[in-house]
Amino acid sequence: MGLLNKKWLSSPPHDYELKKYILLDAIQHIKGMIENGEIYDALVEVEERLLQLYKFHGSKSALEDEMKILKGINLDTMSLDYEYPENLGEMSDIYKMCDYAIDEFEDLFKLIRKKWRDNSSKIKISEVPEKRPTKENGYAFIIGKNQEEILVYKYDTLVSNTDWKTMKLHKITSIDNQKDALPKYVESIEGSDNFRFWRIDHSLGHHNFEKGVFEIIKYNLFYKIIVS
């Protein structure tokens, strides 16, 4: 089946076992994404689903209040008496499934974060040829596991110093990783004194690079720029 529809929990049929089957199928699909190197896409999917589940869970009291029916006034306590429609029992199964789904996605989130940290530890970032903390724009040179080529990216002034996802790395070109290739390329950039330059080495594969390793590199680079 693949990934979950955004309304998978609230839409009919409200069958607990069916929804559990749909959920577990999606969980397996996301685990497959992780094993396939699509760590970032898996992270986005899990974050979005958790936010929806938390919101749904938080609306439980409000929804029950909307569904209750006024019966009358309790003369002994001088308070209003309410009753709930019969189909509220159906909602009970939905909230039970919501709790189950939250547990499953939180476990998945922990798995993704572990994979993320493991991959992050295999990335080394160094500024070349010197530190230029006053410069707001820059280039990133990603040198992959096979050491055969250098991927050249450019970034503009960061629009946020807290949200790494706002950072944009634009691929410029790729160059052969030959002796002195990197310094020669830096020298060829017009106005090179106005930029920062980052060399990024990693021992990770390039399988699904854009959906995994690249985003982790971007995350690491963002915070490297912020703190240095």
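Things worth noting here:
- Condition broken by Thr173, with the remaining ones in (1) touching a Ser or Thr at 6+ places or on another chain (Cβ under 8 Å); (2) in a strand (DSSP E or B); (3) loosely packed, with under 12 Cβ neighbours inside 10 Å satisfied: (1)
- If only residues of region 72-112 that are over 18 Å from Trp8 (Cα atoms) and small (Gly, Ala, Ser) are counted, the one that is modelled with the highest pLDDT is Ser79.
- Subset of region 15-55 that is in a loop (DSSP other than H, G, I, E, B) and either crowded, with 17+ Cβ neighbours inside 10 Å or hydrophobic (A, V, I, L, M, F, W, C) (or both) - its residue that is farthest from the chain's Cα centre (by Cα): Gly37
Yes/no per residue for (1) over 18 Å from Ile125 (Cβ atoms); (2) under 27 Å from the mean Cα position of the chain (by Cα):
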position: Val152; (1), (2): no, yes
position: Thr162; (1), (2): yes, yes
position: Lys168; (1), (2): no, yes
position: Lys171; (1), (2): no, yes
position: Pro183; (1), (2): no, no
position: Asn194; (1), (2): yes, no
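- Evaluating Leu204 against the criteria (1) in contact (Cβ under 8 Å) with a residue 60 or more places away in the chain; (2) more than 19 Å from Ile39 (Cβ to Cβ) leaves one unmet condition, (2).
The values are calculated or read from the model by the stated rules, or taken from the named source; none is laboratory data. In this text, all values refer to a predicted model and were calculated from it rather than measured experimentally. A quick note on method: Cβ atoms are made from the backbone with ideal geometry, for glycine too, and the neighbour counts reach across all protein chains shown.
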